[in-house]
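Enquirer: Sharing a structure below in structure tokens format, with a few things to ask.
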There are 2 protein chains.
Amino acid sequence: MSLKKINEIINLIRKNNKFLITSHVSPDGDNLGSVTALKLALEQMGKKAVMIIDDTLPSSFSFLPDIDKIISYESDMEVDFDLCFILDCSDFKRIARVEELLADKTIINIDHHGDNPSFGDYNLLGDVAATAELVYQLISEIEEIKMDKEIATAIATGLITDTGSFRYSNTTAQTHQIMADLLTYNVNTAKICKEVFDTYSYASLKLKGKVLENLKVDDSGKVAWIKVSQDLLKDTGSTLEDADGLVDYPRSLAGVEIGVLFKEVEDGTVRVSLRSNYYFSVDKIAHQFGGGGHAKAAGCTINDTLIKAEDAVISTIKKELSQVN
Amino acid sequence: MSLKKINEIINLIRKNNKFLITSHVSPDGDNLGSVTALKLALEQMGKKAVMIIDDTLPSSFSFLPDIDKIISYESDMEVDFDLCFILDCSDFKRIARVEELLADKTIINIDHHGDNPSFGDYNLLGDVAATAELVYQLISEIEEIKMDKEIATAIATGLITDTGSFRYSNTTAQTHQIMADLLTYNVNTAKICKEVFDTYSYASLKLKGKVLENLKVDDSGKVAWIKVSQDLLKDTGSTLEDADGLVDYPRSLAGVEIGVLFKEVEDGTVRVSLRSNYYFSVDKIAHQFGGGGHAKAAGCTINDTLIKAEDAVISTIKKELSQVN
């Protein structure tokens with residue numbers, strides 16, 4: 001990420017007045033924090049900015065400033081703007097139907113994913129912990145913008161969520177340096193963390209309980225897994241989304257190298273999430289079942305019953321693991 | 001915390017050669033990180049430092065540099081030293097039997113607890129997130145000491161554990177500033193966090209499952225509680241220590257103000273942990289049962305059966321809550 005690129009974008013902002021800001025479906029803390037931070041910053045410069053995402057917003061981010069001003073995309077909506085920002089999207093297609101609004105408008109692509117193919121007319125890319133980190137750097141270079149509690153809260157939310165509160169290995173000295181600056185504007189970190197990490201529905205706590213009670217471990221103690229069936233979702237009144245973070249539990253078992261979550265998304269379709277701790281590449285397993293991902297986080301979908309998916313994946317992992325050890 | 005006090009302590013270090021470093025029983029990440037960081041720093045200055053704590057050490061901190069060199073106190077042990085550092089103890093008595101070694105030796109008291117009565121001959125106190133933050137400041141003022149990966153890892157462990165990885169409200173801009181500096185020495189934050197926050201025994205995950213399955217909520221949805229009986233510990237093969245962090249779960253239920261954990265520590269003795277989120281002062285409840293604590297975290301011990309303790313505490317909370325709302 002170069003200062004030249006930042007300056008090109010700042011010139012574009014100065015020359016234009018109306019901006020569309022969009023981002024990916026399945027919104028999370030980094031894209032919502034980045035979108036609202038940029039919107040507030042543009043408004044400080046006297047610009048107009050409309051935020052549109054082709055999805056509904058999770059209630060857990062209701063504390064974000066101006067989050068209620070993000071519009072959910074609707075067919076045939078008309079939006080008047082000069083220039084479009086696409087934030088936190090490694091793949092242009094992740095903006096979904098917002099594409100219909102863009103025609104041949106100039107696109108500024110700001111993203112931190114390593115595989116972003118520079119699809120914008122202008123691209124501000126960087127191998128940093130969160131897109132919010134790039135938005136912070138952009139804003140910091142614009143003299144007219146004064147950092148304030150609202151913008152700082154939005155950027156902090158992006159940093160906190162995409163680093164698991166500074167626990168993941170993507171956290172750098174720069175990430176902490178930026179948080180140090182943001183905290184001077186009275187950001188309520190404890191509140192952000194309570195909302196995004198520490199607030200659950202009754203149904204999701206019940207689901208967690210049932211799932212942990214039935215945690216399975218192989219004889220070697222290196223593979224642990226949990227299962228979420230449609231029946232279990234019904235019994236506990238929970239949803240598939242409630243099961244999302246549960247794969248961290250089998251992985252957290254002392255001595256375990258590979259943690260697996262089997263989710264029966266519907267009858268005959270099982271979504272498998274694979275995680276490893278240190279040395280085993282779980283993407284190899286995912287590939288064998290037509291899926292993909294990274295060495296330490298991968299996934300695949302198996303069209304079979306829960307028990308058959310479990311048997312197939314666990315036996316494949318055991319075989320591969322015996323060759324590694 | 002003044003530079004004058006730091007300089008007095010630096011002079012003492014320079015004039016002496018053999019140091020005892022001690023800290024509180026029930027060791028945690030902050031006291032173990034502070035003790036090992038200071039020991040490594042003193043050794044860099046060519047000094048001798050022996051670390052003694054009157055307790056066994058939890059295995060979760062085995063990644064700390066030189067943690068294996070911390071000696072567990074033994075009666076009638078003989079230790080040759082000029083000067084004693086007591087770290088992270090708000091109350092002198094928390095060093096337990098290590099007191100027997102001190103006679104009339106000079107004591108340097110370094111601590112971040114607000115209620116520390118300055119019991120040392122020299123006192124380096126500060127209202128900061130962790131004692132490790134004070135050790136960092138002390139070390140930073142000593143020219144002869146070069147920060148390195150080992151010292152940085154020890155200090156980072158103190159900051160990470162005492163702030164819940166920067167989630168608690170004690171986290172300040174300075175805390176992040178220090179972490180930014182520490183991360184330039186290749187501290188493996190992800191590994192520290194994995195060890196201290198994300199590694200559980202099979203028994204403790206089973207206990208968590210059972211406990212969550214039986215989570216209770218009152219009619220208002222504002223009080224939630226869980227119970228750990230001796231039978232449950234036996235059934236799951238878990239220990240009382242495995243139950244320690246569980247009080248965060250009832251508190252994490254959406255809409256809940258007060259979370260309670262009832263632990264049957266032995267037949268007829270129930271330890272009650274109380275937590276609140278925003279406005280209710282749980283120490284009021286604890287006081288009514290002969291306990292104490294702070295507004296958002298308090299506790300008491302009730303000499304009765306689990307079911308009677310549950311009835312008494314929950315009905316008292318409901319009564320108090322009805323007066324607040």
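Where a number appears in this text, it was derived from the coordinates with a stated rule and is not lab data. Just so we're clear, the structure is a prediction, and the values are computed from it rather than from any experiment. Neighbour counts run over all protein chains shown; Cβ positions are idealised from the backbone, glycine included.
Enquirer: So who's got an amide H within less than 5 Å of the one on A:Ile71, skipping anything under 5 residues away but keeping other chains? H placed 1.01 Å off N, in plane.
Expert: A:Met51, A:Ile52, A:Ile53
Enquirer: Given the DSSP H assignment, sum -39500 (n - 2.57) over each helix run of at least 4 residues in chain B and divide by its residue total; what's the result at 222 nm in deg cm²/dmol, nearest 500? If you can, show how the numbers build up before the last one.
Expert: Working: 11 runs with 123 residues, N = 325.
Mean residue ellipticity, 222 nm, calculated: -11500 deg cm²/dmol.
Enquirer: Now for a different question. Where does each of B:Arg251, B:Arg271 land when they are ranked from fewest to most other beta-carbon atoms within 10 angstrom? It would help to have the intermediate numbers written out before the result.
Expert: Values: B:Arg251 24, B:Arg271 19.
Placing the least packed residue first, the sequence is B:Arg271, B:Arg251.
Enquirer: On a straight-distance basis, which lysines could pair with A:Lys47 in a cross-link, Cα separation under 22 angstrom, same-chain partners fewer than 8 positions away excluded?
Expert: Partners found: A:Lys5, A:Lys15, A:Lys18, A:Lys39, A:Lys69, A:Lys105, A:Lys146, A:Lys149.
Enquirer: Can you bin segment B:3-197 into rounded, prolate or oblate? Criterion: square roots of the alpha carbon gyration tensor eigenvalues sorted a ≥ b ≥ c, rounded for a/c under 1.5, prolate for a/b above b/c, oblate for the rest. Kindly include the intermediate steps, with their values, before the conclusion.
Expert: On the way: a/c = 1.43, a/b = 1.28, b/c = 1.11.
Rounded.
Enquirer: I would also like to ask the following. Could I have the simple spin-label model distance between B:Thr301 and B:Ser169, label points 7 Å from Cα toward Cβ, reported in nm to one decimal?
Expert: In this crude spin-label approximation the distance works out to 3.0 nm.
Enquirer: If each residue's Cβ is checked for other Cβ atoms within 10 Å, how do A:Lys194, A:Lys18, A:Lys4 rank with the fewest at the top?
Expert: Values: A:Lys194 18, A:Lys18 14, A:Lys4 7.
Arranged by neighbour count, lowest to highest, A:Lys194, A:Lys18, A:Lys4 become A:Lys4, A:Lys18, A:Lys194.
Enquirer: Could you compute the net charge surrounding B:Ala298? Neighbours are other residues with a C-beta less than 9 Å from the C-beta of B:Ala298; K and R count +1, D and E count -1. If you can, show how the numbers build up before the last one.
Expert: Working: positive: B:Arg275, B:Lys284, B:Lys296; negative: B:Asp283.
Around B:Ala298, the surrounding residues sum to +2.
Enquirer: Can you tell me the dipole magnitude for the protein assembly as shown around its Cα centre, using point charges on the Cβ only (Lys, Arg +1; Asp, Glu -1), in Debye to the nearest 20? Mind dumping the intermediate values first?
Expert: Details: 68 positive and 100 negative charges, 3 e Å.
The dipole of the protein assembly as shown has a size of about 20 debye.
Enquirer: Based on other C-beta atoms within 10 Å, arrange B:Ser75, A:Ser34, B:Ser62 from fewest to most. Walk me through the numbers before you get to the answer.
Expert: Working: B:Ser75 6, A:Ser34 30, B:Ser62 10.
With the sparsest Cβ surroundings first, the list reads B:Ser75, B:Ser62, A:Ser34.
Enquirer: First check a/c for segment A:225-317, with a ≥ b ≥ c the square roots of the eigenvalues of its C-alpha gyration tensor; if it is under 1.5, answer rounded, and if not, answer prolate when a/b is larger than b/c or oblate otherwise. Before the final figure, lay out each step's value.
Expert: On the way: a/c = 1.98, a/b = 1.35, b/c = 1.47.
Oblate is the answer for segment A:225-317, as a/c is 1.5 or above yet b/c matches or exceeds a/b.
Enquirer: Moving to a separate point now. Shortest first and in nm to one decimal, what separations exist between A:Lys93 and its copies in the other chains, measuring from label points 7 Å along the Cα-to-beta-carbon line?
Expert: 6.7
Enquirer: Net charge near B:Leu212: determine it from the other residues with C-beta under 10 Å of the C-beta of B:Leu212, scoring Lys and Arg +1 and Asp and Glu -1.
Expert: On the way: positive: A:Lys206, A:Lys208, A:Lys210, B:Lys208, B:Lys210; negative: A:Glu213, B:Glu213.
Counting the neighbours of B:Leu212, the net charge comes to +3.
Enquirer: Nothing charged except the Cβ atoms of Lys and Arg (+1) and of Asp and Glu (-1): what's the magnitude of the dipole of chain B about its Cα centre? Round to the nearest 20 debye. Walk me through the numbers before you get to the answer.
Expert: Details: 34 positive and 50 negative charges, 161 e Å.
That gives a dipole near 780 debye.
Enquirer: Another question, if that's okay. Could you work out how much longer the chain between B:Phe119 and B:Leu3 gets when fully extended? Use 0.36 nm per residue separation minus the Cα distance between them, nm to one decimal. Each step should come with its number before you reach the end.
Expert: Numbers: separation 116, 0.36 × 116 = 41.76 nm, distance 1.95 nm.
Residue separation times 0.36 nm, minus the Cα-Cα distance, leaves 39.8 nm.
Enquirer: Sequence neighbours fewer than 8 away in the same chain don't count; with that in mind, list the aspartates and glutamates whose C-alpha is under 13 Å from B:Lys263.
Expert: B:Asp231, B:Glu241, B:Asp242, B:Asp244, B:Asp304, B:Glu310
Enquirer: Also, I was wondering about something else. Let me check I've understood the local charge: for A:Phe19, count other residues with C-beta under 11 angstrom from its C-beta, Lys and Arg +1, Asp and Glu -1. What total comes out? Kindly include the intermediate steps, with their values, before the conclusion.
Expert: Numbers: positive: A:Lys18, A:Lys39, A:Lys47, A:Lys48, A:Lys105; negative: A:Glu43, A:Asp80, A:Asp82.
Result for the local shell: +2.
Enquirer: Further, regarding this structure: Taking a ≥ b ≥ c as the square roots of the Cα gyration tensor eigenvalues, with a/c under 1.5 meaning rounded and otherwise prolate when a/b beats b/c, else oblate, which class fits segment A:155-261? Walk me through the numbers before you get to the answer.
Expert: Numbers: a/c = 3.67, a/b = 1.65, b/c = 2.23.
Oblate shape, in that a/c is at least 1.5 and b/c is the bigger or equal ratio.
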